[in-house]
Amino acid sequence: TGLTDPIVDCLWIDPQTPSIILAGTWLEGIYRSTDSGGQWSLVASAPQVTAIIDVGGVIYAPSASGVDSSADSGATWTMYLSTSSQARALVSTGNMLVLGLSNGAIMEQAGSGQPWKTIFTDPSHDVWSLSINQSNPANIYVVEWPGYGAENLYSTQNNGGSWTLFASPAGAQFVALSVGPLPVLYVGVDGGLYSSKDSGVTFTALPLQDCDVRLIEPRANGSVVVGCDQGAYL
């Protein structure tokens, strides 16, 4: 009880104390439970939370007004970065943070306390999702969403020095992506799941089709967890 926002966009489970769970919601902000989801309390009034990530024991969450952070497993929160447009996507590798905004910009911070720099801009689009190649952090992927039309998938191999635009497989819309540990690029679309072993030059359709993919989470053992409009698949 206590979780009154029906739109939960993301969850985070404390790896040290699994009974602590954070829920990022669209309308109200971040909720916290200390009893495995039995009771919830609103701990941060930051609507439109789309991700919750842990970087070296500090938790970060993008929201409508920027990025909030917590150093006590989500019990208390402070504004880490204020932005003029919604912070839509946030990923990390090591101590580096990469942030995507609704105005089409991508910002990067090399480490805590370091200045933020803009590495990509596309004011006609909205950053929809981000992913970093963990074996090569200079290789970053971004899905830019222009509204109800075909999304654009860009990648950089040199930390934003230059970007390459890729065509959508099967003419579908990109809605989620992640880079696996092999590394393999996985792309979710409205209608299925695709993979690429050549950094997006060519794509192969995977068995999971006829569903709208919204989340892709490659695991270290080579398996992939996929969330779509029909449920979760492994």
Anisotropy class of region 180-234 from Cα gyration tensor, a/c 1.5 cut = oblate
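Please compute the contact order of region 1-134 in relative form: average sequence separation of alpha-carbon pairs under 8 Å and at least six residues apart, divided by the residue count, as a percent. Provide the component values of the computation, followed by the final result.
Values: 353 pairs, mean separation 18.8, N = 134.
Relative contact order here is 14 percent.
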task = Taking amide H positions as placed in the peptide plane 1.01 Å from N, state which residues far from Ala176 in sequence (5 or more) or on other chains have amide H under 5 Å from it.
result = Gly188
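What is the dipole size for region 51-233, taken about its Cα centre, with +1 at each Lys and Arg Cβ and -1 at each Asp and Glu Cβ, in debye to the nearest 20?
Details: 5 positive and 14 negative charges, 68 e Å.
Roughly 320 debye for region 51-233.
Relative contact order of the chain, please, whole-number percent, based on alpha carbon pairs below 8 angstrom and at least 6 residues apart. List each step's numbers first, then the result.
Details: 632 pairs, mean separation 19.0, N = 234.
Here the relative contact order equals 8 percent.
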ask   = What cysteines in the chain have no other cysteine with a beta carbon less than 4.7 Å from their beta carbon?
value = Cys10
request  = Please arrange Ile106, Ile20, Ile132 by counting, for each residue, the other beta carbons lying within 10 Å of its beta carbon, fewest first.
outcome  = Ile20, Ile132, Ile106
request  = List the residues whose amide H sits under 5 Å from the amide H of Ser199, counting only those 5 or more places along or on another chain, with H placed 1.01 Å from N in the peptide plane.
outcome  = Leu185
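None of the figures in this text is laboratory data; all of them are computed from the coordinates on show. What you see is a predicted model; the values in this text were computed from it and never measured. Quick reminder, even Gly has a Cβ in these numbers, built from the backbone with ideal geometry, and neighbours come from all protein chains shown.
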